[in-house]
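See structure below.
The values are calculated or read from the model by the stated rules, or taken from the named source; none is laboratory data. Note that the structure is predicted; figures quoted are calculated from it, not measured. Because the Cβ atoms are built from the backbone with ideal geometry, glycine has one as well, and the counts that use them run over all protein chains shown. Surface accessibility is based on the protein's heavy atoms, side chains included, excluding ligands, DNA and RNA. Shrake-Rupley method; radii C 1.70, N 1.55, O 1.52, S 1.80 Å.
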Amino acid sequence: MITTSHFLVLSAILFTTGVIGVLVKRNPIVIFMCVELMLNAANLSFIALGRHFGQVNGQMYVIFALAVAAAEVSVGLGIIVAIFRAKETINVDEVNLLKS
Amino acid sequence: MVGMSDSLAAIVPAIIVMITGFVVLLGDSCVPAWRSNGKALNPSVSIVGLLIALFFNQTHIGKEAATAFNGAIVDDPFSRVGILLLGLTAIFSILLSMTYLENKKLQHGEYYVLILFSLFGGMLMVSANELITLFVAIETLSVALYVLAGFARTEEKSEEAALKYFLLGAFAAGFLLYGIAMVYGGSMGLAHDGQPTTNLAEIATGLANGGLMSVSVMLGIGLALLFVGFAFKAALVPFHMWAPDVYQGAPTSVTAYMAALTKIAIFTVILRICSAFAPISVVWLNTLQVIAVLTIFGGNILAVTQDNVKRMLAYSSVAHAGYILAAVVAVGVQAGKFRDLAIHATMFYLFAYTLMTIGSFGVLIWLSKRGRDCQTLNDLKGLVKRDPFGAYVMLIFMLSLGGIPPTMGFMGKLMIFNVLLQSGLAPLAICLGIASIISIYYYLRVVWMMCFMEPDNETVSDRAVEQSGVSIAVVITAVLSLVLGLAPVIAQNIVAPASNILLH
């Protein structure tokens, strides 16, 4: 029997994976994929909790989160393309003009 | 919430701002006559739209609170004061932007559209009374700001700033959303029908009535993640590392705008959340105090070594965020006993912070010449002889940022001290005092450079001509910083309604 806590544990694992990925990866596209993982972990929690409480709210919130994530993707990829045009690389270690 | 009027009337100012954004967007791209006059038309239409929105906002200021979207958005005196500050920020930034953009060959209508859309997000943030609405509003503001930070497309630094801002902002969004999910899961029994809820008014009522038997682990984790997300967005230590890079790389007019806008919007949100969760302040009070102390010292100490004025102001804005957070913390003392006092001090300081930040970045814009920005301390050497106007207004802003009387920054700090001492947070007040003394060093270093150093051949010497918009904005902010410092009652009366926050 798969209970709500199974979903919540899975979502916690996905979220942690996402956080670690953001911290260790050096390619902005991969970093952004990890951010998406974090957002989708939250979405999974919402759906599982909504089901658990028998409330439609939790599932509805996911629609909002998806729309926001889509808007973020379009802007983020635009910025990454602009960086690539200027520098021919998108590795975050080589994008380092700004420092004290 | 039942029985309260629930209509779109509650978000009229935000709707006006959004419509103005669409008008500018469509006018600039579809109407040839508009396009050829876009240089003058885009900013003036934007400012007119903003003034209309603020007019509607101010006519509401004394009225009863109202809600929209089934209580998800609330129009209470608190949010009206927040909207007033946000609107003023946008108007000043547009005045600062006009000639600066022209010098950098960035004069596009989209700039004003993005300013208006991010302002729309900010207005929803201060009005949001429900966590998912809040999330959507924060992202509306942030996504527009990511684009603005990278608006100087040909400059690698601007693109780099946009990338860093975007990656860290999206990271923060992940924490926020997960935090909201956990708060939702941990809020069982707080709504009036015993169900879980993300509505802050219901949470506040539920907590005040003891609807929660005990604070579940889930709610605790949720609050912690929520605050991590806010700390990223507000650049609180230890989540501040993006701020100096982004502030330095973004076009200066954008820096001025986002420095003020994000601080106002995020801190009004934190105030609302802290007020709602004040009955369980035992969970978050100590953590926020530690973050406040770290931010106050971290920002000030890191600012000391900076040679780039934009970076220095970025770290100083981190420090100011710490001062504001210190005042916000007082909301949680004794389950919200000092809430009104804390809100009053916070909003007053946000007002002061807005004026002095926009003003000091405005002076940098004023001094920038065609093709090169005024950015480093070197560029300010001997300014008092070369450009006395710029030097004297910069002096006012530096004194205000340093909290030296008779400026508004001093009055703001005084009010924060007052609320900290009254609510028994004396250690925080002592930290604030010590850090302020450190801060005076680097603010006065700017003054020293301007007054007692001779310019050398690395100094940006002549500024671009014809900057009426910039001079208007800089003069107004400087005069207000002084006048409201001498007569703080005026500003206190403006922000006083904010204490009336809707939490039932």
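Listing for the model above:
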item	result
Condition met for B:G38 (over 22 Å from the mean Cα position of the chain (by Cα) and closer than 24 Å to B:Y257 by Cα)	yes
Single match in B:T59, B:T89 (criterion: β-branched (V, I, T) and surrounded by fewer than 16 Cβ atoms within 10 Å (Cβ to Cβ))	B:T59
Residues of the stretch B:110-135 satisfying the condition of being within 13 Å of chain A (Cβ to nearest Cβ) and part of a helix (DSSP H, G or I)	B:E110, B:L114, B:F117, B:S118, B:G121, B:L124, B:L131, B:I132, B:T133, B:L134, B:F135
Among residues of the stretch B:151-164, those that are open to solvent by 10 Å² or more (accessible area, probe 1.4 Å) and within 9 Å of chain A (Cβ to nearest Cβ), counted	6
In the stretch B:450-485, residue modelled with the highest pLDDT [restricted to those that are loosely packed, with under 14 Cβ neighbours inside 10 Å and part of a helix (DSSP H, G or I)]	B:F452
B:T140 vs. criteria without any contact (Cβ under 8 Å) to a residue 24 or more places away in the chain, more than 19 Å from the chain's Cα centre (by Cα) and open to solvent by 10 Å² or more (accessible area, probe 1.4 Å)	no
Helices (runs of 4 or more DSSP H) wholly inside the stretch B:7-101 that include at least 2 residues being touching a Leu at 6+ places or on another chain (Cβ under 7 Å)	B:12-30, B:38-59
Residues satisfying the stated conditions in the stretch B:258-307, i.e. within 23 Å of B:F166 (Cβ to Cβ) and among the basic types (K, R)	B:K263
Only listed residue being in contact with a helix residue (DSSP H, G or I) (Cβ under 7 Å, 6 or more places away or on another chain), buried (at least 22 other Cβ atoms within 10 Å of the Cβ) and either among the basic types (K, R) or farther than 30 Å from B:S499 by Cα (or both), chosen from B:V17, B:V24	B:V24
From the options B:L377, B:L383, residue that is more than 23 Å from B:F239 (Cβ to Cβ) and within 14 Å of chain A (Cβ to nearest Cβ)	B:L377
Pick from the stretch B:165-174, criterion closer than 19 Å to B:Q248 by Cα and at the interface with another protein chain (Cβ under 7 Å from one of its Cβ atoms), ranking: most open to solvent (accessible area, probe 1.4 Å)	B:L167
Residue match in the stretch B:285-308 (condition: outside any helix (DSSP H, G or I), in contact (Cβ under 8 Å) with a residue 40 or more places away in the chain, within 14 Å of chain A (Cβ to nearest Cβ) and touching a Phe, Trp or Tyr at 6+ places or on another chain (Cβ under 8 Å))	yes
B:I324 vs. criteria under 19 Å from B:P427 (Cα atoms), away from chain A (no Cβ under 14 Å) and at pLDDT 95 or above	yes
Residue match in the stretch B:197-216 (condition: farther than 29 Å from A:V75 by Cα, at the interface with another protein chain (Cβ under 10 Å from one of its Cβ atoms) and assigned to a helix (DSSP H, G or I))	no
Failed item, numbered, when B:L219 is tested on (1) modelled with pLDDT of 95 or more; (2) aliphatic (A, V, I, L, M); (3) in contact with a helix residue (DSSP H, G or I) (Cβ under 6 Å, 6 or more places away or on another chain); (4) open to solvent by less than 10 Å² (accessible area, probe 1.4 Å)	(1)
In the stretch B:175-189, the residues that are free of Cβ contacts under 8 Å to residues at least 40 places away in the same chain and either within 8 Å of chain A (Cβ to nearest Cβ) or open to solvent by 10 Å² or more (accessible area, probe 1.4 Å) (or both)	B:G185, B:M188, B:G189
Selection status of B:I434, within 20 Å of B:F361 (Cα to Cα) and among the hydrophobic types (A, V, I, L, M, F, W, C)	no
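Residue by residue, here is whether (1) closer than 21 Å to B:M241 by Cβ; (2) surrounded by fewer than 19 Cβ atoms within 10 Å (Cβ to Cβ); (3) β-branched (V, I, T) holds:
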site: A:H6; (1), (2), (3): no, yes, no
site: A:F32; (1), (2), (3): yes, no, no
site: A:L39; (1), (2), (3): no, no, no
site: A:H52; (1), (2), (3): no, yes, no
site: A:Q59; (1), (2), (3): no, yes, no
site: A:A70; (1), (2), (3): no, yes, no
site: A:V73; (1), (2), (3): no, yes, yes
site: A:I83; (1), (2), (3): yes, no, yes
site: A:A86; (1), (2), (3): no, yes, no
